[in-house]
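To start, the structure itself, in structure tokens.
The values are calculated or read from the model by the stated rules, or taken from the named source; none is laboratory data. All values derive from a computational prediction rather than experimental measurement. When we count neighbours, we look across all protein chains shown, and the Cβ atoms used for this are built from the backbone with ideal geometry, even at glycine. All accessible areas refer to the heavy atoms of the entire protein, side chains included, with ligands and DNA or RNA removed. Shrake-Rupley method; radii C 1.70, N 1.55, O 1.52, S 1.80 Å.
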Amino acid sequence: MHDDDEPVGRVLGRRQALILLGAAGATLAAAGSAAASTTTPAAGTPEVCTLDCVVKPEQMEGPYFVDERLNRSDIRSEPSTGQLVPGTALVINFTVQQVRQQQCTALPGAMIDLWQCDAFGLYSDIPSQGSRGRRFLRGYQNTDQAGTARFTTILPGWYTGRTLHIHVKIRTTGTNGRPYEFTSQLYFTPEFGAAYLRTDPYRRKGPADTTNSRDSIYRNGGSQMLLRPQQSGTGYTADFAIGLDLSNTQVGRPD
């Protein structure tokens, strides 16, 4: 069992989220869809939130975060050699918004860090794993004026005691003017995970020893952090929207 992540903060239920938003008529959007109203707002007009923008649990970063400050969209390569790690390509399109006064507005300039293990369960720059100084599958992007950022990575492998997952951290400034951090993990449905683990290069290691239902971290809100990848050429693409209440100092405090 790896000494990995523990949940922090609270998971909002549907009723709590409706109260928070003050939007009794809102409906729960599918996880991973863009957070937007059913009508197209005029330029510069805040959007009325769907719940996909709000109901996202925070989880601790665990022992494998390294603040590399490696600004890049494609995190598949080892910077020292330019060589790509093996694995099936996955493009993740993030939308980050600020939740305030029952509305969502794009959050530009937020720093999104992504890190994960490779197809065989190895993290880079972890001395205990023999990967000191390597920086594959790590990187960050700043959101643009629309609050969006795109990463190209691979579908992750697995290691003992954890289900398939990708780590994400968002850093910005809270409404109190102090640093604000949101840290969590992205997951996959059991069917999708089992299917790609049967393909190369993943099948060399076999099926994961821990599924979502047996992962103690996933059980604390992981169903709200599911990616829904769609086939795109030889790889996959997935959209994921996150809304941040920048006045919430419990969530925003540094990890």
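Could you report the accessible area of residue 223 in Å², rounded to 10, computed with a 1.4 Å probe on the protein chains as they sit in the structure?
Roll a 1.4 Å probe over it and residue 223 shows about 70 Å².
Please list 3J(HN,Hα) in residue order for region 93-106, calculated via the Karplus relation 6.51 cos²θ - 1.76 cosθ + 1.60 where θ = phi - 60°; whole Hz, with x for glycine and proline.
Computed from phi, the couplings for region 93-106 are 9, 8, 10, 10, 10, 9, 9, 7, 6, 6, 9, 10, 10, 4 Hz.
Using alpha-carbon pairs under 8 Å, 6+ residues apart, how would you state the relative contact order of region 89-244 in percent?
Working: 322 pairs, mean separation 46.2, N = 156.
Computed value for region 89-244: 30 percent relative contact order.
Pull out the extension gain between residue 66 and residue 132, defined as 0.36 nm times the separation in residues minus the alpha carbon to alpha carbon distance; nm, one decimal.
Extra length available between residue 66 and residue 132 comes to 22.7 nm.
Could I have the simple spin-label model distance between residue 219 and residue 203, label points 7 Å from Cα toward Cβ, reported in nm to one decimal?
3.2 nm
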